[in-house]
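> Structure provided below as structure tokens; questions to follow.
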Amino acid sequence: MESASSQRAKASLVRSAPLRDLTSKSTRLMTGNVRGSKSNTSRLFTVRSSADIWLLPSQNLEENAAAIVKSPRECHWVIGDVHGCYQSLIELIALLPSSDQLVFCGDVINRGPAIEATMLLAWEMVCGGRAHWLRGNHEQHLIDCLEVDPQDGQAALLAIDTYRQLGDRQAREWLSRLKGLPLVYKAKGWIATHAGFDLDGNPDLSIRQRFWEDYDGRYGRVIVAHTPRPQVERHRHIVMIDTGACYGGLLSAYCPERDAVVQVCGDRKLNQYLACDVDKPKESFTQEMTTSSSLVSTKPC
């Protein structure tokens, strides 16, 4: 495992890392439907390195696929739950066009073994104007525990991976930053938030089924993370982009302007670090993968 200092050094260099220096780790790139086609099936491309994206023959890609590597400045990439998957995040960011805006859709923290490096990388990109970091239920839970009386909240804090890895002093130094994280990111025709909205239109960081069933599209297309799926799911008014990176699945970035997806593998080794979750146990993810009729099967990396 890399040292914390090595991880921090990588975090400070990732924005300028040349594409050719990327790892050869398997990466998935998915685009939307072929224009004019009646098929609803997305075509999946396996990319072995960043250079391969540029070498893919253009005649084999949908019309909107070229925008994944040459997208205009107004394009965004919304990234699902990172959960301390630092190395996967490094690889994913390096595959995305440097001129595009990134939106971390919450839950950057917890679960993984490199949480501090992940937080520093995300925060550096926020300060540099490249990214926006939305608050997730894991960030909110850490905020809540840090704000209660230390004697009353110590047990809850010790159950939080981020607190244990950062230590008390550093965790409290992060408090003001975490409290400043927005709940929603709005753009033309779409909106991103961690989990969804309640019936009054307020962001709800833990909502699931009720939002999926009741949302009528009044705020445009909503991009959410929070609930792990084996693949990105495009529904009528909702796009679900958490693909369980911390469970050995994929870390996904979704471009709403082009209906495109870029993915890298998560780290299977993270499973040994999973501690007490604030939303649901790991077994629920496995159950979702086998019970939902809307899921798309995919082979593990």
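> Out of all the residues in region 127-138, is one or more more than 30 Å from P97 (Cα to Cα), polar (S, T, N, Q), out of contact with any Pro (no Cβ under 6 Å at 6 or more places or on another chain) and outside any loop (DSSP other than H, G, I, E, B)?
No, region 127-138 has no match at all.
> Output yes when any residue across region 204-220 is in contact (Cβ under 8 Å) with a residue 12 or more places away in the chain and in contact with a helix residue (DSSP H, G or I) (Cβ under 7 Å, 6 or more places away or on another chain), and no when none is.
Yes: region 204-220 contains one or more residues that are in contact (Cβ under 8 Å) with a residue 12 or more places away in the chain and in contact with a helix residue (DSSP H, G or I) (Cβ under 7 Å, 6 or more places away or on another chain).
> In this structure, is T193 in contact with a Ser or Thr (Cβ under 7 Å, 6 or more places away or on another chain) and among the polar types (S, T, N, Q)?
Taking the combined requirement at face value, the residue does not satisfy it.
> Turning to a different aspect of this structure: Take the conditions at pLDDT below 95, under 20 Å from the mean Cα position of the chain (by Cα), surrounded by 16 or more Cβ atoms within 10 Å (Cβ to Cβ) and small (G, A, S) and apply them to S99. Does it pass?
Answer is no for this residue.
Residue-wise test of (1) at pLDDT 95 or above; (2) in contact with a Phe, Trp or Tyr (Cβ under 8 Å, 6 or more places away or on another chain); (3) surrounded by 14 or more Cβ atoms within 10 Å (Cβ to Cβ).
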residue: P228; (1), (2), (3): yes, yes, yes
residue: I238; (1), (2), (3): yes, yes, yes
residue: G244; (1), (2), (3): yes, yes, yes
residue: A253; (1), (2), (3): yes, yes, yes
residue: V262; (1), (2), (3): yes, yes, yes
residue: E288; (1), (2), (3): no, no, yes
residue: S293; (1), (2), (3): no, no, no
residue: K299; (1), (2), (3): no, no, no
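> Name the residues in region 128-155 that are without any contact (Cβ under 8 Å) to a residue 60 or more places away in the chain and under 15 Å from the mean Cα position of the chain (by Cα), would you?
A131, H132, W133, E139, listed by residue number.
The values are calculated or read from the model by the stated rules, or taken from the named source; none is laboratory data. Quick caveat: nothing in here was measured; it's all calculated off a predicted structure. Positions of Cβ are generated from backbone atoms using ideal geometry, with glycine treated the same way; all protein chains shown enter the neighbour counts.
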